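The values are calculated or read from the model by the stated rules, or taken from the named source; none is laboratory data. Bear in mind that the values here come from a model prediction, so they are computed numbers and not experimental data. Cβ placement follows ideal geometry from the backbone for every residue including glycine, while neighbour counts extend to all protein chains displayed.
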Amino acid sequence: MILHDCSPSKLSFEAFPSNQEVHLMARKSIFVSDLSGEEIADGKGAQVTIRFNDARKGTIILDVTDDEGEAMGATGRKQARRGRRPKAIPGA
């Protein structure tokens, strides 16, 4: 879940006469865990993807904290990374 902390959202300079002052605000995204509601720090957290064998049910994606992701993954199995294997370094 992503909460956007901003106001006003989009301002058009044409909408304001030239004698009025316009204040633009920055936008900050705050990530919150879908399970516990805790704030997820920048660079932390995980996404849990649930895919059903019956494709009609679709896919569910959850944003979770690191601890919640590790707890959920403790009973599962790791999947190897996809792509090419790195080349062997000669002499190593």
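Name the single residue that is farthest from V32 (Cα to Cα) among those in region 42-59 being touching a strand residue (DSSP E or B) at 6+ places or on another chain (Cβ under 6 Å) and either among the aromatic types (F, W, Y) or surrounded by fewer than 10 Cβ atoms within 10 Å (Cβ to Cβ) (or both).
T59
F13: of a type in the set (F, W, Y) and modelled with pLDDT of 75 or more, yes or no?
no
Which residue, of G76, G91, G69, G37, is part of a loop (DSSP other than H, G, I, E, B) and either within 15 Å of the chain's Cα centre (by Cα) or in contact (Cβ under 8 Å) with a residue 24 or more places away in the chain (or both)? Give the steps one after another, and end with the answer.
Working: G76 fails: either within 15 Å of the chain's Cα centre (by Cα) or in contact (Cβ under 8 Å) with a residue 24 or more places away in the chain (or both); G91 fails: either within 15 Å of the chain's Cα centre (by Cα) or in contact (Cβ under 8 Å) with a residue 24 or more places away in the chain (or both); G69 fails: part of a loop (DSSP other than H, G, I, E, B).
That would be G37, the only listed residue that is part of a loop (DSSP other than H, G, I, E, B) and either within 15 Å of the chain's Cα centre (by Cα) or in contact (Cβ under 8 Å) with a residue 24 or more places away in the chain (or both).
Here are G73, G83, G69: which of them is out of contact with any Ser or Thr (no Cβ under 6 Å at 6 or more places or on another chain) and exposed (fewer than 12 other Cβ atoms within 10 Å of the Cβ)?
Being out of contact with any Ser or Thr (no Cβ under 6 Å at 6 or more places or on another chain) and exposed (fewer than 12 other Cβ atoms within 10 Å of the Cβ) holds for just one of G73, G83, G69, which is G83.
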